[in-house]
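Worksheet for the structure shown next.
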Amino acid sequence: MRSRTRVKAHSRANTPAYKVNASLKAWDLAKASAAITLKVHDRDGIIGTMQIGQGTLGWKKAGARSFQRINWREFAKRLNDL
């Protein structure tokens with residue numbers, strides 16, 4: 001009896017559910033602009049963009065024109081409430 005090896009076809013289940021692209025500017029952290037920009041994607045496309053700076057965190061959903069800003073204390077409070 002001969003054993004058979006199955007070759008899995010590349011399917012959607014094998015692709016990651018999310019992908020995050022990061023852009024880092026550590027030298028710029030003390031300035032007003034964001035030091036880290038994260039572009040978050042799912043299988044269907046971009047979900048949104050997160051900007052992290054010294055004083056705030058910003059989120060811009062896909063297709064939006066501007067970022068919604070939140071300070072770190074409020075961000076921590078929201079995460080702790082999950």
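Data table
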| read-out | value |
| --- | --- |
| Qualifying residue in the range 61-68 (condition: closer than 16 Å to Ala22 by Cβ, within 12 Å of the chain's Cα centre (by Cα) and of a type in the set (A, V, I, L, M)) | no |
| Residue identified as modelled with pLDDT of 80 or more and surrounded by 10 or more Cβ atoms within 10 Å (Cβ to Cβ) among Ala35, Ala17, Ala64 | Ala64 |
| Cross-chain or 6+ apart pairs with Cβ under 9 Å, the range 65-78 first and under 14 Å from Gln54 (Cα atoms), then aromatic (Phe, Trp, Tyr) and surrounded by 13 or more Cβ atoms within 10 Å (Cβ to Cβ) | Arg69/Trp59; Ile70/Trp59 |
| Residue list for the range 55-82, restricted to those being touching a Lys or Arg at 6+ places or on another chain (Cβ under 7 Å) and hydrophobic (A, V, I, L, M, F, W, C) | Phe67 |
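The values are calculated or read from the model by the stated rules, or taken from the named source; none is laboratory data. Computed from a predicted model, the values in this text were never measured in an experiment. Cβ sites come from the backbone with ideal geometry, for glycine too, and all protein chains shown count toward neighbours.
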